[in-house]
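Each remark here refers to the structure printed beneath this line.
The values are calculated or read from the model by the stated rules, or taken from the named source; none is laboratory data. This one's a predicted model, so the numbers in the text were calculated from it and none came from an experiment. Every residue, glycine as well, gets a Cβ built from its backbone with ideal geometry; the counts of neighbours run over all protein chains shown. Quick note on the areas: whole protein, heavy atoms, side chains included, nothing else; ligands and nucleic acids left out. Shrake-Rupley method; radii C 1.70, N 1.55, O 1.52, S 1.80 Å.
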Amino acid sequence: MIEPVKIGRATLYCGDCRDILPTLPKVDAVVTDPPYGMAYKSGHATDTLWVAGRTIVGDETTEARDSVLDWAGDIPTLCFGTWRIRRPAATKMVLIWDKGGALGMGDLSIPWKPDHEEIYVLGKGFIGSRDSGSVVRHPPVQSMAKNGRQHPTEKPVGLMKMLLRKVPGTILDPFMGSGTTGVAAVQMGRDFIGIEREPKYFDIACRRIEEAQRQGDLFIEGTV
């Protein structure tokens, strides 16, 4: 059995989520950014754009994503995705993350740049009031490693906080990547379980979540 790393209210596993999920205690929500199944590969220099690599492991198909969603069942779930790949069958609604600016290259043969991503809403038991529409606006993470980017598809902490406010209890991210969902959860005082199969990203996630926990502890103690 894989022993987790515990950081405050966060429990982190390094391994394949499909092996670890059956061993977990009950969780209340799943918020995740899985491999989309589009065989993503950065066409730019790794050292310039990404800290730890230019490809996404397991991105050849939607098998990993679909296995997790089958496991989650009716648990309230928010799952990032792309219109290029079929949506999960149980999708109840599609949220649009509006990045507020055209940063991606996209298809160079057309006169528009892509500036949004999809977020699929699945399951039941979401919380909060209906105080917002289906378009969630938040700027993206800076596009280069020299500006602080840790992962090819890293999401901003502020965006994840906006999403976490709508889900209950203990949050699970089976595709933790560089740990942004965990950072958001820790900053909000939420219980978090994260799983990441790539040791290079797992180490980054541990460092980021530990720093978020440390900053939170200092704030509570009134020393910052």
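How many of the residues making up region 6-36 are surrounded by 17 or more Cβ atoms within 10 Å (Cβ to Cβ) and either at pLDDT below 60 or of a type in the set (Val, Ile, Thr) (or both)?
Of the residues in that region, 7 qualify.
Within region 166-224, work out how many residues are under 23 Å from residue 120 (Cα atoms), modelled with pLDDT under 95 and of a type in the set (Ser, Thr, Tyr).
Counting residues in region 166-224 that are under 23 Å from residue 120 (Cα atoms), modelled with pLDDT under 95 and of a type in the set (Ser, Thr, Tyr) gives 1.
Which of the residues belonging to region 84-94 are within 28 Å of residue 27 (Cβ to Cβ), out of contact with any Leu (no Cβ under 9 Å at 6 or more places or on another chain) and in a loop (DSSP other than H, G, I, E, B)?
Listed by number, the residues that qualify are 85, 86, 87.
Of the residues that sit in region 95-149 and are outside any loop (DSSP other than H, G, I, E, B) and among the aliphatic types (A, V, I, L, M), which one is modelled with the lowest pLDDT?
Within region 95-149, the subset outside any loop (DSSP other than H, G, I, E, B) is 95-98, 116-122, 135-137, 145-147.
Okay, now just the ones that are also among the aliphatic types (A, V, I, L, M), so 95-96, 119, 121-122, 135-136, 145.
On the way: 95: 98, 96: 97, 119: 98, 121: 98, 122: 98, 135: 97, 136: 96, 145: 49.
Among those residues, the one meeting the criterion is 145.
Tally up the residues in region 68-86 that are modelled with pLDDT of 95 or more and either of a type in the set (D, E, K, R) or open to solvent by 20 Å² or more (accessible area, probe 1.4 Å) (or both), please.
Number satisfying all stated conditions: 6.
Can you spot a residue in region 186-196 that is crowded, with 24+ Cβ neighbours inside 10 Å and aromatic (Phe, Trp, Tyr)?
Yes.
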